[in-house]
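The values are calculated or read from the model by the stated rules, or taken from the named source; none is laboratory data. Only a predicted model underlies this, so the values are computations on that prediction, with no experimental measurement involved. All Cβ positions, glycine included, derive from the backbone under ideal geometry; neighbour counts span all protein chains shown.
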Amino acid sequence: MPIKAVLFDMFDTLMLIEKNHEFYSPSLMRMYRYLKEKGIDVSFEKFNSAYIEARDGLYAKADLNFEEPHFNVRVYETLKILGYNYNVSSSLVAAATNEFCEEFMKYVSIDKEAEATIRHLHGKYKLGVVSNFAIPECVLKLLKASNLDGLFDVVVVSGAVNKRKPSPEIFENALKMLGVSTSEAAFVGDTIDADIEGPKAVGMKTIYIERRLQEIGKSNPDQTIKSLSELPSVLERY
């Protein structure tokens, strides 16, 4: 069956993040400084400790069902641990999340072949992004900043739907919005469990982009590429 839709992983597929989580400390510090200006009067060490406790506690629960609470929940839980009672939907919590996002974006750059590849595929296939990230607004900002936002028919981010790859729900959600069946879609990504095993389990074709050494094991992607420029010719084989 011919491919009608191509879905992409976001980070380390379309967008490249500086390695070793270089973004983490400055992003957290920027968020902390904002909150301190707004009256959250604790040391950074105490704030950092509370953040880690909140984050790890959320993921301990979320990992059981591949859930992805919005980053706002992480900020809310951090403040709660510190003794501050803000609503999860408050403007302060949302603004703190945005501060983290704005700093994080400085450590992300578009793959040099991404825009040309997406523009080449645009109009020939339905296109989408399915990304694991707790701040969906940040994904949308990055796509807009990279001139890619108008080229995708659907963008599904885990933090917006509370499901993350390799959960079948996040792929099925995107395909339903596109109006195509799993057998008519291909997924392109760099992570074996999330981007190959996940979409393969729901019946999608899988295209693995080699960004780093990983154990493929029995996952066996349908195709393997080393750069996005190879993707159009690979898709034409279907």
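Overview of values
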{"item": "Listing of helices (runs of 4 or more DSSP H) fully contained in the range 38-144 that carry 2 or more residues being of a type outside the set (A, V, I, L, M), surrounded by fewer than 18 Cβ atoms within 10 Å (Cβ to Cβ) and outside the structural domain of N173 (by TED's automatic domain parsing)", "result": "44-62, 91-104"}
{"item": "Test set (1) among the hydroxyl-bearing types (S, T, Y); (2) under 15 Å from I135 (Cβ atoms); (3) free of Cβ contacts under 8 Å to residues at least 12 places away in the same chain - S43 fails condition number", "result": "(2)"}
{"item": "Cβ-Cβ under 9 Å pairs, at least 6 apart or on other chains, the range 78-107 side basic (K, R), far side modelled with pLDDT of 95 or more and assigned to a helix (DSSP H, G or I)", "result": "K80/A50; K80/A54; K106/P26; K106/S27"}
{"item": "Pair list, Cβ under 8 Å, 6 or more apart: the range 110-136 residue farther than 29 Å from N98 by Cα, other residue of a type in the set (G, A, S) and crowded, with 20+ Cβ neighbours inside 10 Å", "result": "Y125/A5; K126/A5"}
